[in-house]
Amino acid sequence: MGEMVRIVVVHDEELLRSALVQLLRSDDTLDVFPQCPEAEGPEREALPADACVVDGECLTGPDGGHAALLRARYGDRLVVLTTAKRPGVLRRAFDGGALGLVDKNAPAHRLITAVHTVAKGERFLDETLTVALLKGAEMPLTTRELGVLALASQGAPIAEIAARLHLSRGTVRNYLATAVRKVGARNRVDAIRIVQSAGWT
C-alpha cells in the first residue's frame, strides 16, 4: 500500500458529516477525519491534511461563512460539494480558488476520485456543474442592487434601507424594481427567493 492521503471532512450537519467520512473510508488509501466548522477549543484547531472536503453551504452566509478559515488552513485544496441549482455557491467556490467541485448528486466514486485529484494539487470539476458554473458568472445584479435586496430580505422597510445605505427612498425603490426585472421575478418577494435559491446571497 502506498502513502496514505489525509482528508478532513467539514459539514455543519453531524449525520451527513459521518456519512461522508464512512464513504471516504471505504477507500483504504484515505485517512479521514471529521470536523465540525462550529467546533471550539482544541477541536477547532487545524488538522494537517492533503485535502479538505466541505459542503458548499458552509462557505455561504455572513462574511462568507467559514470560507476564509478553511482557505487559511487548506489553501486551494478544497473539494466543495454543491449542486447545479446553486450557481452562486458554485461560482464563489470556484472564484475562491477551490480545486475540487463535486456535484452532490454524483456517484460516490466521483468524490473519491476528486479527493485524490485535489490532494495531488490538480483541478477536478464535475462535468454536470460546468453549465451551472457559467450561469453563476452571469449573476445579473450589481453589488448595490444585491445589497438593497439583501436588506429587504431581512424585512427592512424602504426608509431603513435608504438610511443604512445613504440613499434616497426613490433610489431604493428604483434599485428594487430593477432587481425584480433583472431576475425575471413577479415581485420583490419572488426576487428575494430567486436570489437566495441560486446562492447569490
Longest the chain segment clear of GluC sites (Glu not before Pro) sitting in DSSP loops (not H, G, I, E or B) with at most 13 other Cβ atoms within 10 Å runs 46-121
The whole-number value in µm²/s of the Stokes-Einstein translational diffusion coefficient for the chain, with Rh from the Kirkwood sum over alpha carbon pairs at 20 °C and 1.002 mPa s, is 118
Lys pairs in the chain with Cα under 18 Å (8 or more apart in sequence, or on separate chains) total 4
Nearest 10, in degrees from 0 to 90: the angle of helix 14-25 to the longest Cα principal axis of the chain is 40
Per residue, accessible area of the chain with a 1.4 Å probe, heavy atoms of protein chains only, in Å², comes to 52
Calculated from DSSP helices alone, with each H run of at least 4 adding -39500 (n - 2.57) and the total divided by the residues of the chain, [θ]222 nm to the nearest 500 comes to -13500 deg cm²/dmol
Heavy-atom accessible area of the chain with neighbours in place, 1.4 angstrom probe: carbon+sulfur share in percent works out to 52
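The values are calculated or read from the model by the stated rules, or taken from the named source; none is laboratory data. Everything quoted here is computed from the prediction, not taken from an experiment. Note that each Cβ is placed from the backbone with ideal geometry, even for glycine, and that neighbours are counted across all protein chains shown. Surface areas here come from the heavy atoms of the whole protein model, side chains and all, with no ligands, DNA or RNA. Shrake-Rupley method; radii C 1.70, N 1.55, O 1.52, S 1.80 Å.
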